[in-house]
Amino acid sequence: MSDARIRNKLIEMALQARELAYAPYSEYCVGAALLCDDGEIVTGCNVENASYGATNCAERTAVFKAVSMGNRAFSAIAIAGGKKGAQALDYAYPCGVCRQVLREFCDPKRMTVIVCRSVDDYIEMTLEELLPCSFGPENLEG
Ligand code: THU
């Protein structure tokens, strides 16, 4: 991502969103901030459930929120995750399901994924690097 101001904003919003994580079972708290093509930033956190399989990841919370608000094109996402109360955050890479959900709405070569611990400590990749040889909506076109 070339614009450092936008990257900083995404990281700050992902860190903030992480504060809202509902993770009483794993105590692993994740926040995400998704940059929509119109410039809007939509956040999400993980939302766990007593029936563990009903848990939703932070990235998918953000994507589903954005789509339900009318945004279907994204160009970047920042993700901040780590054990609650731990000294340092992890570089919390998105799980396989979240990679595929992002793939539905993004050009993999253009989509930037930022895993971050702070505004000065992050790793940036493309979705294509994280999900090579992917399957997407174009595969289903006549
Ligand atoms: N989690 C996410 O929010 N995003 C991911 O990409 C990986 C995992 C959440 C789900 C669960 O609440 C907790 O982290 C531990 O798996």
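Of note:
- Among the residues examined, Gln87 qualifies as at pLDDT below 95, open to solvent by 10 Å² or more (accessible area, probe 1.4 Å) and of a type in the set (S, T, N, Q).
- For segment 26-79, filtering for residues that are open to solvent by 70 Å² or more (accessible area, probe 1.4 Å) and within 16 Å of the ligand (Cβ to nearest atom) leaves 7.
Residues checked against (1) within 13 Å of Ala78 (Cα to Cα); (2) small (Gly, Ala, Ser):
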site	(1), (2)
Ala21	no, yes
Pro24	no, no
Cys36	yes, no
Cys57	no, no
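- Qualifying positions in segment 101-116 - open to solvent by less than 10 Å² (accessible area, probe 1.4 Å) and over 15 Å from Asp37 (Cα atoms): Ile114, Val115, Cys116
- Residue in segment 45-55 that is part of a strand (DSSP E or B) and under 14 Å from Val30 (Cβ atoms) present: yes
The values are calculated or read from the model by the stated rules, or taken from the named source; none is laboratory data. Predicted model only: the values in this text are computed from it and were never measured. Don't worry about glycine lacking a Cβ; one is built from the backbone with ideal geometry, like all the others, and counts go over all protein chains shown. With ligands, DNA and RNA removed, areas are computed over all heavy atoms of the protein, side chains included. Shrake-Rupley method; radii C 1.70, N 1.55, O 1.52, S 1.80 Å.
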